[in-house]
Every structure is written in C-alpha cells, then in structure tokens.
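The values are calculated or read from the model by the stated rules, or taken from the named source; none is laboratory data. As the structure is a computational prediction, the values presented were derived from the model and not from experiment. All Cβ positions, glycine included, derive from the backbone under ideal geometry; neighbour counts span all protein chains shown. Please note that ligands, DNA and RNA were not included when accessible areas were found on the heavy atoms of the full protein model with its side chains. Shrake-Rupley method; radii C 1.70, N 1.55, O 1.52, S 1.80 Å.
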Amino acid sequence: MAQATLPAIGTFCWPELATTDLKAAQAFYGDLLGWRAREVPSSMGNYAIFSLGDRQAAGLCAQGEEQLKHGVPPNWLSYVSVTSADATAAKARELGAQILAGPFDVMEEGRMAVIQDPAGAVFAIWQPRNHKGASAYMEPGAFCWTELATTDAQAAQAFYPQIFGWTAKPPSDPAMPYFEWVLEGTHFGGMMEITEHWGPAWKEIPSHWMIYFMVKDVDERTAQAQALGATIRVPPRDIPKVGRFAVIADPQGAVFSLFQGTL
C-alpha cells in the first residue's frame, strides 16, 4: 500500500467525531492519541479541532438531534475532498444514494453534504475553501486508512468509481477477499463485504465506513483505551505482511480502529 498525499481531490481528507459528550471525548482522545482540542466558531454549533502538535488531525462536534432521535450512536464520519459538493451530491443521487444533509456552506471554510450510499454506508463530501482538510496524516496519532464494510461489494464497485473516479483493486489472495481503493496510483482505503465470517449476527451489521488511526504499538494503545473506559470490539491481531490492528468503541460508543505497520 502506497502512502497518499492529502488533501487530494477524490480522497479522504477529514475525519470527524460526533458525540454525546464533548469534554469526555476530548479527554479520551487526548490521552490515547496525544491530541489537544481547540474550540472554533462554526455554523454547525459546538465544534472543536483536534490537533497533533501544530497540525490538524480531526474534528469534533455534538451529535445532531436527528441522529439522537433515531438512536444513532456516536460515530466517526469520513469526508472525501471534491471539486464541487453540489455536482457530486447530484451524481450520487442519480446513482441511488440518499442525500442526508446539504449541500450547504460551512461559513468560509468549505461546502459539504452527507451521503448514504445505495447499501447504507454514510460518508461526507467536502469542497474545500479556507479549510483544506487534515494536515496530520500517515503518522502515529493521525488517520491513515479508511475502510468500507458493505453488504453489497458489487454495488459499491459500481457506485464509488462513478462519483470519485476510484478503482477497486481486486484481492491478490482469494482466501482474503479484500479490495483496495485506488485513485491515480494512490492506495488510500479498502473494502470488504460483510459475510457470515463476521459472526452469528452478521446480517444485523449495517454497511459502514471505518476510520483507522496509526499508532506505534497497537497492543499498548489498546490496553490504554480499555483503561480509559473504551470497549475492545476486536483485540489486537495481525494483518499478514502489513501490520497489526484493533477495533475499539470509545466510552461514548464511537467505533474506530488502531493500526500499527506500513501502508
């Protein structure tokens, strides 16, 4: 997997946490990933920027009333940088997606929309103006990979290439049906289908995008996350020839992954 350079149009440019407890999230991710939070003016209500040193790593906002009303747990939302939020949203709608919010302006920072793909996975698009996206990437404490788990991999292979120009690189090992998303030679994300191998309740798992944060030691950071009140969904395990990962739900319930290795 080759390292990408962000923010490139058509690739993931910004991870954003929506949570029910802003102060608790600031404390948890500060301890776990070394972030510090700074509140900023926003047309979206309470908003903070997580920084890694002097570089921006992610966003933080209060969970919206609509999500709370429908029982949506705290969650990480991944943004894809686009040239035109309006044109991309219109194309996504033509291809069977639902536009959950927008397109709308976020002050002078950019223009965005929130989209649910035909299989149900939710993501956002970002047309950058003043805010270009994350300036911390592919290093310990920063996001490094974004992965689609879907109930319909064939539909995803038809949908995402048409709106972003991505190519789905097929798996090299048929025993591990994992696709990689590629744009102009850059590998920046992955995809796998939700199947019976996910466990007895696999049919109840919705399509979703998963954010990965790079760390120096997955086992040590996973133990720290648990000590801070997180739930370990998948204990640390190896990815052959790539690295090691774990899946974690933070104390409020937002799910993310930790990764140690080379992408």
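For this structure, a couple of remarks:
- Residue (of GLY253, PRO200, LEU52) at the positive-pole extreme of the chain, dipole from beta-carbon charges: LEU52
- Among MET214, MET107, MET176, the largest mean-square fluctuation in a Gaussian network model of the chain, built with springs joining Cα atoms closer than 10 Å, belongs to MET176.
- The peptide list 153-160, 225-232, 66-73, put in order of mean Cβ contacts within 10 Å with the highest first, becomes 153-160, 225-232, 66-73.
- Cα centroid separation, segment 224-251 to segment 93-171 (Å): 24
- Base-10 log of normalised Debye intensity for segment 154-225 (one unit scatterer per alpha-carbon) at q = 0.17 Å⁻¹: -0.86
- Derived from the Cα gyration tensor, the three semi-axes of the equivalent ellipsoid of segment 186-235 are 24, 18, 9 Å, largest first.
- Using a probe of 1.4 angstrom and keeping all protein chains present, the accessible surface of segment 1-121 works out to 45 square angstrom per residue.
- Here the chain exposes an accessible surface that is 51 percent carbon and sulfur, computed with a 1.4 Å probe and the other protein chains kept in place.
- Of all lysines in the structure, those lying under 29 Å Cα to Cα from LYS132, and not within fewer than 8 positions of it along the same chain, are LYS23, LYS91, LYS169, LYS216.
- Net dipole in debye of segment 15-156 [+1 Lys, Arg Cβ; -1 Asp, Glu Cβ; about Cα centre; nearest 20]: 180
- Given charges at beta-carbon only (K, R positive; D, E negative), |dipole| of segment 80-213 in Debye: 240
- Among PRO15, PRO240, PRO177: highest mean-square fluctuation, GNM of the chain, C-alpha pairs under 10 Å: PRO240
- Each principal axis of the Cα cloud of the chain was evaluated for its coordinate range; sorted largest first, these ranges are 47, 45, 36 Å.
- Accessible area (Å², per residue) of segment 153-227, counting only protein heavy atoms and a probe of 1.4 Å: 55
- Summary of the geometry: segment 58-80 and segment 174-196, compared by the centres of their Cα atoms, lie 25 Å apart.
- Helices in the chain, meaning DSSP H runs of at least 4 residues, each add -39500 (n - 2.57). Divided by all residues, the mean residue ellipticity at 222 nm is -5500 deg cm²/dmol.
- Percent antiparallel among DSSP beta bridges (both partners in the chain, rounded to 5): 80
- Gaussian network model of the chain, springs between alpha carbon atoms under 10 Å - residue of PHE188, PHE12, PHE104 with greatest fluctuation: PHE104
- Segment 246-262 - phi-based ³J(HN,Hα) in whole Hz, Karplus 6.51/-1.76/1.60, Gly and Pro as x: 8, 10, 9, 10, 5, x, 8, x, 6, 9, 8, 10, 10, 9, 10, x, 10
- Karplus-derived 3J(HN,Hα), 6.51/-1.76/1.60, for each residue of segment 101-117, Hz, glycine and proline x: 7, x, x, 8, 7, 10, 6, 9, 7, x, 10, 9, 8, 10, 10, 10, 5
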